[in-house]
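Just so you know, all these numbers are worked out from the coordinates, no wet-lab data involved. In this text, all values refer to a predicted model and were calculated from it rather than measured experimentally. Neighbour counts are summed over all protein chains in view; Cβ atoms, including those assigned to glycine, are modelled from backbone coordinates with ideal geometry.
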Amino acid sequence: MMPREKLLLDGPESLNDEELLAIFLRTGAPGVSVMELAGQLLADFEGLRGLMQAGKDDFLNCRGVGVAKYAQLISALEMSRRYLRSGIERGESISDPSITRQFLQLKLRHCAREIFACLFLDNQHRLIRYEEMFYGTIDGASVHPREVIRRALELNAAAIIFAHNHPSGVAEPSHADKRITERLSSALALVDIRVLDHLVVGDTEVVSFAELGLL
């Protein structure tokens, strides 16, 4: 069964990465079927994640693809970002943890260095602003509570969700993650701003401090 027919019959979740990519590519190259081309691209970039993060030059160096397919790839990725962002934009309460997780994965999972971000929320837990605030190793020296408080007050935020990525791919919270979360929570409590969660973005999962009972 061809990938497109399989998708229509059994749904997109029934397809593997090679089949999904083959549908996206639509056609192969001279002497190469679309499935063979999809398999080669996944091998060259070590999987779908590597392919979606590929730079223009690296992508165009691959046989059987060109500027049009690169433009399609980037457009598909940006549409995914905008779709997920629309689910947590101001005006809607952040009530679906899965949408928030997917949004943060698209924002942070691919980054080669740690990024500490804040989702500033109003008193109904609607998103006011997503901001990436600190870069580098997340520890007491690199994340400054006073800067978080200052920005939260500027935005008139009533609550905050913290998020940061682990470039190692392992989403397990570290001791430094726990310490800075405690510091930030204590500092923000002094100005009556609630910390709802701290999400750690790994390669395949997003771990919640709240769900682990760490907040």
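Taking the Cα centre of each part, how many Å lie between region 100-169 and region 6-68? Region 100-169 and region 6-68 have Cα centres spaced 33 Å from each other.
Eight or more residues apart or on different chains, and alpha-carbon atoms under 27 Å: count the Lys pairs in the chain matching that.
On the way: K6/K69; K56/K69; K56/K107; K69/K107; K107/K178.
Eligible lysine pairs with Cα atoms under 27 Å apart amount to 5.
Could you calculate the FRET efficiency of K6 with H144 from 1/(1 + (r/R0)^6), where r is the beta carbon distance between them and R0 is 45 Å, rounded to 0.05?
Computed FRET efficiency for K6 and H144: 0.30.
Each label was represented as a point 7 Å from its Cα along the Cα-to-Cβ direction; for R26 and Q124 these points are 4.2 nm apart.
Seen through its C-alpha gyration tensor, with square-root eigenvalues sorted a ≥ b ≥ c, region 73-215 comes out oblate because a/c lies at 1.5 or above while a/b is not bigger than b/c. Proximity of backbone amide H atoms, modeled 1.01 Å from N, is registered between I128 and F120, L121, D122 at under 5 Å, excluding neighbours fewer than 5 places apart on the same chain.
Placing R0 at 25 angstrom, the Cβ-Cβ distance between I74 and V170 gives a FRET efficiency of 0.30 after rounding to 0.05.
Springs between Cα atoms under 10 Å define the GNM used for the chain, and in it the highest mean-square fluctuation of D177, D203, D58 occurs at D58.
Working note: 222 nm ellipticity from helices only, DSSP H runs with n ≥ 4, each -39,500 (n - 2.57), summed and divided by the residues of the chain, gives -13000 deg cm²/dmol to the nearest 500. Backbone geometry of region 39-52 corresponds, through the Karplus equation with coefficients 6.51, -1.76 and 1.60 at θ = phi - 60°, to 3J(HN,Hα) couplings of x, 5, 4, 5, 5, 4, 9, 6, x, 5, 4, x, 5, 5 Hz, x marking Gly and Pro.
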